[in-house]
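Asks: Before I ask anything, here is the structure I am working with.
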Amino acid sequence: MKWHLLPICLLLNACSNLPPAIEHAPSYDLTYSEASQNIARYKNAPVRWGGVIIDVENEQTKSLVQVLYYPLDGYGRPELEEANKGRFIIETSEFLDPTVYTAGKEITAAGILKGDDERTIGKKVMRLPLILATTTYLWASYDRYYNGYGYGFDYDPYYGGYGFYPYYWGGYYRPYPYYRYW
């Protein structure tokens, strides 16, 4: 019976492939609104922020990523269903290829709040919080509503409503989505 525990432990261990700095928030999770109101007070504070990439600029010794901020879920992924709060900039010494880090992709960064940087957005000059990143994580895109296999409790935006998958009908379990037409 004990030999069954090894594969289970290996599978559970392999489920989490996120860097620890992304998966776990700092002891004091500094919010974007707190930092943007008084950047000088929170300078050098550890942060874990994320959002959607707006622009990537590569300089000789660093890369700068401008990000539209969204709150993070428990795993550190941006919650795009929530309202965005503003913009911030990620600075990293790594080269971030603009063809990989394209506009619209989700990103999370962990590091320290270095200060702020002045940017011109349209015709307005703004001061944006600047993070000196120790870790960045580019999230793989996936459909948040349909799991692709028809298993689990899911919301189907095309037909509306929630459903249990797979469903039992005619003596068989159907491994495809259960669409309701009412």
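Readers should treat all values here as calculations from the given coordinates under stated rules, not as data from a laboratory. Because the structure is a prediction, the values reported are computed rather than measured.
Asks: Rounded, prolate or oblate: which fits region 16-105 when a ≥ b ≥ c are the square roots of the eigenvalues of the alpha-carbon gyration tensor, with rounded for a/c under 1.5 and prolate only if a/b beats b/c?
Replies: Rounded, because the longest to shortest axis ratio a/c is under 1.5.
Asks: List the residues whose amide H sits under 5 Å from the amide H of Leu30, counting only those 5 or more places along or on another chain, with H placed 1.01 Å from N in the peptide plane.
Replies: Excluding prolines and chain starts, which carry no amide H, the hits are Arg48.
Asks: Moving on to the next point. How much length, in nm to one decimal, is gained on full extension between Glu57 and Thr31, taken as 0.36 nm per residue of separation minus their Cα-Cα distance? Can you show the working numbers first?
Replies: On the way: separation 26, 0.36 × 26 = 9.36 nm, distance 2.49 nm.
Stretched out fully, the Glu57 to Thr31 stretch lengthens by 6.9 nm.
Asks: Considering only Cα-Cα distances, which of the following residue pairs are longer than 21 Å: Lys62/Lys123; Lys43/Lys85; Lys62/Lys114; Lys43/Lys105; Lys85/Lys124?
Replies: Lys62/Lys123; Lys43/Lys105
Asks: Sticking with this structure for a sec: Quick one: what are the phi-derived ³J(HN,Hα) couplings along region 118-128, Karplus 6.51/-1.76/1.60 with θ = phi - 60°, whole Hz, x for glycine and proline?
Replies: Along region 118-128, the couplings run 8, 10, 9, 10, x, 10, 9, 8, 10, 9, 10 Hz.
Asks: Report ³J(HN,Hα) in whole Hz for each residue of region 74-90, in order, from the Karplus equation J = 6.51 cos²θ - 1.76 cosθ + 1.60 where θ = phi - 60°; Gly and Pro get x.
Replies: 3J(HN,Hα) across region 74-90, in whole Hz: x, 9, x, 8, x, 8, 6, 6, 7, 6, 6, 9, x, 10, 8, 10, 9.
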